[in-house]
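Comments concern the structure below.
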Amino acid sequence: MNTPQHVAIIMDGNGRWAKQRGQTRTSGHRKGVEAVREAVRSAGKLGVKYLTLFAFSSENWRRPEDEVNDLMGLLKFFIRRDLAELHREKVRVRIIGDRISLKPDILSLLTEAEDLTKDNDALELIIAFNYGGRDDILRAARTIACRVADGEIRTDEITEATLVAALDTRDIPDPDLIIRTSGEQRLSNFLLWQAAYAELVFMPCLWPDFNHDTFVEALQIYQGRDRRYGNIGEADMALGS
């Protein structure tokens, strides 16, 4: 089986799931946390080595204050409840995103999760929190600009590798597969640089309904793709075109 090494997921549809059932958006987010647990378990069973979840974007701060507070509470609940289990299962938790503006209690909790699991090697769970693809690239550019100003590197020495080394995902392989639920077909500022050659799979189900079977279906779609990376595909080579 051609299993992708790195799967990234845009978890979309919590609010619509709740609305369809006449429930609050918070109830949809709570149900979405259960889907997160299912996705992590499935990734391990399916042989995925890196799983990145788009948990909270840098644009999500624009949502109503009550909803943002609920999301922060759910993040705390997830880490406090699930961290011990993740550690037992040898899952390494990593956080990508801008940490400077985070409140101390949130930052402390995220750091604790990273520190506790840093030596685990069964699965890397990367949580994109307060993350935006453009912001990731902007912060990387600022880092490189500072290096140039300090005389560490000349402008003509800047390469793709230089920029990659300054991104939040500097030591994480680019995603092979990006899944988005809810039927929406866009990246929404997620892993913009890293997604250059990722296969994109858009699933119609809302995130709270995402389960092991849905994960398997997405992987089967991925396995039917011919990944070319700018080269001629196998089918074209066989035809001599």
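What to note about this one:
- Counting Cα-Cα pairs of the chain in 10 Å increments starting at 0 gives whole-percent bin shares of 7, 29, 35, 20, 7, 1, 0.
- The Rg/Rh ratio of segment 90-161, with both radii computed over alpha carbons and Rh defined as the Kirkwood radius, is 1.09.
- Span-rule helices in the chain, defined as complete DSSP H runs reaching 18 Å or more along the axis (Cα) with Kyte mean at least -1.0: 25-46, 65-88, 104-117, 133-149
- Here segment 94-236 yields Rg over Rh of 1.01, to two decimals, using C-alpha coordinates and the Kirkwood radius.
- For the chain, the relative contact order is 28 percent, taking Cα pairs closer than 8 Å that sit 6 or more residues apart in sequence and dividing their mean separation by the residue count.
- Sorting HIS212, HIS6 from the fewest to the most surrounding beta carbons within 10 angstrom yields HIS212, HIS6.
- Candidates PHE56, GLY44, LEU75 compared by Cα position along the dipole of segment 41-97: farthest toward the positive end lies GLY44, with charges placed on Cβ.
- Based on C-alpha pairs under 8 angstrom that are at least 6 apart in sequence, segment 140-218 has a relative contact order of 26 percent.
- Residues LYS31, LYS19, LYS118 in ascending order of nearby Cβ atoms (within 10 Å, fewest first): LYS118, LYS19, LYS31.
- Local electrostatic count at PRO204 - Lys and Arg +1, Asp and Glu -1, tallied over other residues with Cβ under 14 Å: -3
- Unit charges at the beta carbon, dipole of segment 1-109: most positive-side option, THR3, HIS29, ILE106: THR3
- Remark: the chain carries a charge dipole of roughly 680 debye about the Cα centre, counting +1 on each Lys and Arg Cβ and -1 on each Asp and Glu Cβ.
- The chain: most fluctuating residue of VAL148, VAL36, VAL68 per GNM, C-alpha cutoff 10 Å: VAL148
- Contact order for segment 179-228, expressed relative to its length and based on alpha carbon pairs under 8 Å spaced 6+ residues apart, stands at 45 percent.
- Neighbour counts of C-beta atoms inside 10 Å place THR117, THR143 in the sequence THR143, THR117, starting with the fewest.
Coordinate-derived values only; no laboratory data. All values derive from a computational prediction rather than experimental measurement. In this analysis, Cβ positions are derived from the backbone assuming ideal geometry, glycine residues included, and neighbour counts consider all displayed protein chains.
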